[in-house]
1. Is there a residue in region 76-96 that is of a type outside the set (Lys, Arg), surrounded by fewer than 21 Cβ atoms within 10 Å (Cβ to Cβ) and not in a helix (DSSP H, G or I)?
2. Which of the residues spanning region 247-304 are without any contact (Cβ under 8 Å) to a residue 24 or more places away in the chain and crowded, with 24+ Cβ neighbours inside 10 Å?
3. Applying the selection to region 369-389, what residues are out of contact with any Pro (no Cβ under 9 Å at 6 or more places or on another chain) and assigned to a loop (DSSP other than H, G, I, E, B)?
4. Within region 500-554, track down each residue that is touching a helix residue (DSSP H, G or I) at 6+ places or on another chain (Cβ under 7 Å) and hydroxyl-bearing (Ser, Thr, Tyr).
5. If you go through region 377-411 one residue at a time, how many are within 12 Å of residue 352 (Cβ to Cβ), in contact with a helix residue (DSSP H, G or I) (Cβ under 8 Å, 6 or more places away or on another chain) and not polar (S, T, N, Q)?
6. Restricting attention to region 196-240, and to residues there that are over 19 Å from the mean Cα position of the chain (by Cα) and aromatic (Phe, Trp, Tyr), which single residue is farthest from residue 7 (Cα to Cα)?
7. From 13, 18, 23, grab the single residue that is in a helix (DSSP H, G or I), crowded, with 16+ Cβ neighbours inside 10 Å and among the aliphatic types (A, V, I, L, M).
8. Among (1) assigned to a loop (DSSP other than H, G, I, E, B); (2) within 23 Å of residue 468 (Cα to Cα), there is one condition residue 234 misses while meeting the rest; what is its number?
Amino acid sequence: MVAGIGGLLVIDVPLAAVLTYSVYFGCCVVLPGVLLLRAAWRSNGNWAEDVGLGAVVGMAYQLLGWAIFTALGLQSWLVVWPLLVLAVFAVLPRLRQCWRIAAPAPLPVAWSWGLAICATLLVALVTFTSLSDHKPPPDGTSYYQDLLFHLSMVNELMRSVPPQLPQVAGEPLDYHWFANADMAGAADITRLSPALVYFRLWLLPQAIVVLLVCASLARQVSKVWWTGVLAALIVLPTRSASLLSPSMTFSLVTGTAAAIFLVDALFRGRGGRGAWVLAAALAVIAGGSKPSTLPLLIGGVGLAALFVLIRDRKLPWRSISAGLILMLVMLGTLRFVAGSTSGSGFQFLAIARFRADYRGITGDLSLPGTGGWLLPSLTSGDSTAIAGVAVMLGLILVSSAGLLTGFGLVLVRSTTRDPVAWLLVGALTGAWAGMLLVNHPSGGQQYFLRSVVPFGAAAAAWLVAVAFEGRCRRTMVLVSVSALVLGVVFYEVTQPAALRSGASREAQVEALARLLLVTAVLTALLVSGWLLTRRRWVGLRGLGLAVLVLVVTALSLVDLARSSYVALRTDGEYRAASGLVHPDEQAAALWLEAHSAPSDVVVTGSWCLSAGPRTPGCDARGYLVSGMAGRRTVMEGWAYTQQALATNGADGKMYRDQPSPWPDRVQLSLQVLTAPTAEVLEQVRRQYGARWIYADRRDGPVSAKLDELAVLRYQDGEVKIYELGAR
C-alpha cells in the first residue's frame, strides 16, 4: 500500500484522490466482498486470501448494484449498495460471525513477506512503466488509441443501462465492457473524474488482487503454502495488470476466482451451494470482460470430466453440469454483451502475421483476419516462406515456455491421478489451441495465452512442490540458485542478433533459426548435464521438472528486470504522432465535459486517428470527443464496432480503414461542419438529439456560417465549440 500511494504521488496524483479511492476500495469493495464470501462460502482461515477472493466477490456485487442503480437513474446513490451489506451484517446476529475468522489458519510469515515483495515490485512496475505513460508535454499528449476508447465506455456506463455505443448515439454497445462498468461504479461512488479513475487509480488494486487470487489458486491445487509465493513470482513478469487492456485484467481476477470456486465445488471441497453460485456469477463477469476466458474454464472442466469418466467408469454429473453452465454463460455473454465474434475466424498460425518480420520473410501481404484454414504462406509452395513460418512457430513456443511447463503435470505419477491437474492441463490446452487456431484481425488470439497465466503459474508451482516434497532445505536452495544462474546464462546467450539492413529473406530465416538452434543446443546441454549430475548424486532424482520450471521463471525475471530498466531509462512515455492530442483540443474537450450534460450528443468530425483531412479511408480510431469529453457523438471512430470488424478485408483494407457502416451519419456530420444550413442543423438536432458541435480545423475545413447559425460558446486555437438551439 505504501509503495502504491508513494508511486501515485510521484506521478502527481493528488493525495486526496488517492485516499478517497483507497477508502472506497477498502470499504465499498473489499469489506462487503469478504463478508459475502464468508456468508456464501467460507473463510480460508487467513485475511490475505480472504481479501483477495473477497475483493473479487465485492466487484461482482458492485457490478450488480451499478446495473440496478444506473438503470433507475440513481447513480449518485450507489454508495448505499455496499453500505447495505455492512448494515445487514452488523444487525443480523447470524451474520455477525462473518466479521471475524471463526477457525484461523494463518499462513506462515514467509508467505506474507513473499507476497508483499511481489506486490511491491508489481506496483512499482505498473506505476512507473504504465500509469506514467501519459504525462502532457507542452505540445500535447500522445494517447494509445484504446485508452480513449475505454474512457468513452466508462463515461457511457455512468449514464445508461443498457449502454449505448458512445461513438454512434442510439446504437447498442456491443463490447465486453464489464471492466469499464466497474470503473464507472467507482467514479459514481468516489465522485472522482472517470479519467482519473481509469488512468491512475483503478489498476493498482487490481494488480494486487491478481497476485492474491493467483497465489490462492496455486495453494489450493498443490496444498503447499509456498507455491502461492512461487506462483506470484511466475505471474510477475507476465504484466498481467495492464492499463491498455483493462478487460484482460478484470477477466483475469474474476476468471481465476471462478476457477477456485469450481475446483472447490468439484474436487477440493464439499461442493456447497455457495461455491456453485459464486463460480457461476464470476464466470458471467469473466465472460463479459473478455471472451477468451470462458473457453479455458470449459476446456479445463471438460478434460477433468473426461479423466474422471475414464477413471471411475461412470458419468461425472457434477462436472458435466458445470460444463453446461459454462457453455450457457459463454453463449449468453457472446450474444448479449460482446455482440459477436468480432470478425474472428479460424486459421492455423494466424498469430504469426503479427510478427514484425513475417511479411519480409514470407512475402505474404494478405491482411490479418482473412484467408482460409491455413496461413497463406504455408500453402504458397515457397520453401523459404514455409521454413520461416516453422521457425516462427518454434520461437513462439520458446517465448511462452512458461506456459508449456505446466503440461508436465501429466508426466508425474502423483498428479496424473488428480482431476485438478487435468483441469489445469485442459485450460492450458484450450489456451494454446485458441492462440494457434483463431484468426483475429488485430491479434486478439494472443489473449488466450494471457488469460491462462494463473493456471500455468499454478501448474508450474505445483510441479516444483511435488519435486521438492521431502527434500531438505539445502537441496531446495541449491537447485533454486542453480536455476537462477542458468536462467541468466540462457537469457544472455539467446539474445537475438540485429538483422542487417536489406538482408535477403533466406538470411533473415537463418538469423531466426540460429537463435532457435542456440536455444535447442543449450536445452540439450542442460538436459545432458542434469542426467549426468543426477547419476552422480542420486538424491537429485525427481527434480528435473522443478529445474526446468525454475530456469524458465528465472529467465522471465531477468527479461523483466532488463525491460523495466530500459523503460525507466527512456522514461517509458508513449509517443505517437497518430495519437497526439494537441493542448487546444484537450482543453476544448475538457471544457465541453464541464459545460454539457452527460446525456448530450455532439456533432464532430474527429473520427480519424491521425490529424488531417477527413478522408474516407482514414484510420477510424479517433475517440477524442466520446473519450476525453465523455459525450455521445452522432458519429466518431467506428473501427471497433462489430459492423466494421465484419467488413475486415473488403477491398483489401483492414477493418480500421473501412468506410463507416453509417454513411448517412458521416454525411450529415460533414454537412453540419462544412456546409451548414438551418435545415441541416435542425435535422441533426431532431434526428439524433445533437446539442453541441465540436469543430476542429485540424480534422478538415469548418464553415464560417456556423457562427451565424449556432451560438459560439468556446474557442481556443483550432477548435470551436457551438451550441445548437440556444438562440
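1. yes
2. none
3. 371, 372, 373, 375, 379, 380, 381, 382
4. 519, 533, 553
5. Counting residues in region 377-411 that are within 12 Å of residue 352 (Cβ to Cβ), in contact with a helix residue (DSSP H, G or I) (Cβ under 8 Å, 6 or more places away or on another chain) and not polar (S, T, N, Q) gives 11.
6. Across region 196-240, the extreme among qualifying residues is 225.
7. Of the residues listed, the single one that is in a helix (DSSP H, G or I), crowded, with 16+ Cβ neighbours inside 10 Å and among the aliphatic types (A, V, I, L, M) is 18.
8. (1)
The values are calculated or read from the model by the stated rules, or taken from the named source; none is laboratory data. All values derive from a computational prediction rather than experimental measurement. For neighbour counting, all protein chains shown are included, and Cβ atoms are generated from backbone atoms with ideal geometry for every residue, glycine included.
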